[in-house]
Amino acid sequence: MEKTVRAHTNIALIKYWGKANQSLRLPLMSSLSMTLDQFYTDTKVSAGPKNQFWLNGVEQSGQSYQRVFSFLKLLQEKFGVKGNLKVESVNHVPTAAGLASSSSAFAALAGAFCVHYGINLSAVELSRLARWGSGSASRSIYGGFAIWQKGIDNESSYAYALDEKPQMDLQLLVVELNKNPKELSSTQGMKQAQTSPFFRPWLERNQAELAQMVAAIKANDFSKLGSLAELNACEMHAVNLTAQPGFTYFEPATIKAIKLVADLRRLGIECYFTIDAGPNIKILSQLKNVKDITKRFVSEFHNVNIINASFGPGISCLN
Ligand code: ADP
Ligand code: DP6
C-alpha cells in the first residue's frame with residue numbers, strides 16, 4: 001500500500017516575491033517562514049493506468065493538472081524513473097486563496113513521489129526538489145521557523161530549519177475573509193511585481209530585514225518580529241500597487257482588517273498583520289491576546305471564520 005505524505009503550510013514573515021530564474025524557481029531574495037499546525041496537505045502517489053491528479057476527491061484537468069505533471073516529469077527525468085502516476089491529494093487549507101496551499105502541496109508531492117519510488121533524500125535535497133514545484137514549498141519540509149537561502153544556482157538554493165521547535169509565544173490567526181481562488185496566481189503576481197520602480201529598493205532592504213528577523217527570533221522578541229513582518233508584507237504589497245500595470249490582492253475587507261489591527265494596537269492589544277498573495281489577513285499575536293482579538297474580529301466581520309494556528313511540524317509519512 002502506498003503511503004500518504006503530510007506537509008504543513010508555511011507563512012512567510014520575510015517574503016519571497018520575485019524570481020531570478022523562472023524555470024528553476026530561483027528567488028531574488030532569501031525568505032523566512034513559520035510552519036503552521038492547523039493547515040496541511042496530504043498526498044499519495046501510486047502507479048496508474050494513466051496520469052491522473054485528484055484534488056479533494058475531484059479529478060483535475062487544465063492548469064493545475066499541467067503544473068503537477070510538469071513537476072513530476074522533471075522529477076522522473078532527474079531520477080531516471082518512469083511510469084504513469086495517480087496523484088491523490090487533500091488540502092486541509094483553502095486552495096489558491098493566499099493561504100499558502102502551494103507550499104504544503106508541492107512539499108507533500110515531492111515527498112510522496114520519493115516514497116513511491118523508494119528514493120531516500122536528506123531534508124535539504126527534498127527542499128530543493130519541492131522548490132521546483134513552488135518556491136515556498138522549499139520551506140514546508142521543516143517545522144517551526146525555516147529560512148530559504150536564495151543561493152545562486154540549483155544546488156545552493158534550498159531551505160533549512162532555523163528552529164524546528166520554537167519556544168516563542170507566537171500565534172497566527174488566519175482570518176478567512178474570502179476563501180475563493182484568486183484570479184492572479186502567486187507565480188504571475190510576482191512576475192508582474194518586478195516591473196515596479198520600488199522593486200529594487202525593496203530587494204535591497206530584504207537582506208537586512210531577514211537578519212533583523214533572525215535576531216528578533218533569537219532574542220524571543222515578539223514586538224520586533226511582529227513589526228518587521230508587518231513592514232515586510234506592506235513593502236511586498238506596495239510593489240504590487242506600483243507595478244506597471246499596478247494591481248493588488250487587497251479587497252475592501254482586507255483594508256478594514258488592517259485598520260482593525262491598528263485600532264487594537266492603540267487599545268494596548270499588541271498584534272501585527274501579514275498578508276500574502278490573496279485578500280486574507282493573518283494576525284500575529286501572543287496567547288494572552290487571542291481571545292480579545294478574535295472577539296473583536298468576529299464582531300466586526302459578522303462571524304467570520306478565524307483559525308488560531310501556531311507552530312507546526314515538518315514533513316512526515318502517515319502510514
Ligand atoms: P496559494 O495562495 O494557495 O499558495 P498559489 O497561486 O501560490 O496559491 O498556488 C495555488 C496553486 O497550487 C493551485 O492553483 C494549484 O495549481 C496548486 N495546488 C494547490 N493545492 C495543490 C495540491 N494539493 N496538489 C497539487 N497542486 C496544488
Ligand atoms: C506571497 O511559492 O506560491 O506567499 O514559486 O511561483 O509557486 P511560486 O510562488 P509561491 O509564492 C509565495 C509568495 C508568498 C510569499 C512567500 O511565501 O514567501
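The values are calculated or read from the model by the stated rules, or taken from the named source; none is laboratory data. Note that the structure is a prediction, hence the values are computed from the model and not measured. Quick reminder, even Gly has a Cβ in these numbers, built from the backbone with ideal geometry, and neighbours come from all protein chains shown.
Descriptive notes on the structure:
- Any hit, region 149-171, residues being aromatic (Phe, Trp, Tyr), surrounded by fewer than 18 Cβ atoms within 10 Å (Cβ to Cβ) and outside the structural domain of Ile275 (by TED's automatic domain parsing): yes
- Qualifying residues in region 180-225 (those that are among the basic types (Lys, Arg) and outside any loop (DSSP other than H, G, I, E, B)) - the one nearest to ligand 1 (Cβ to nearest atom): Lys191
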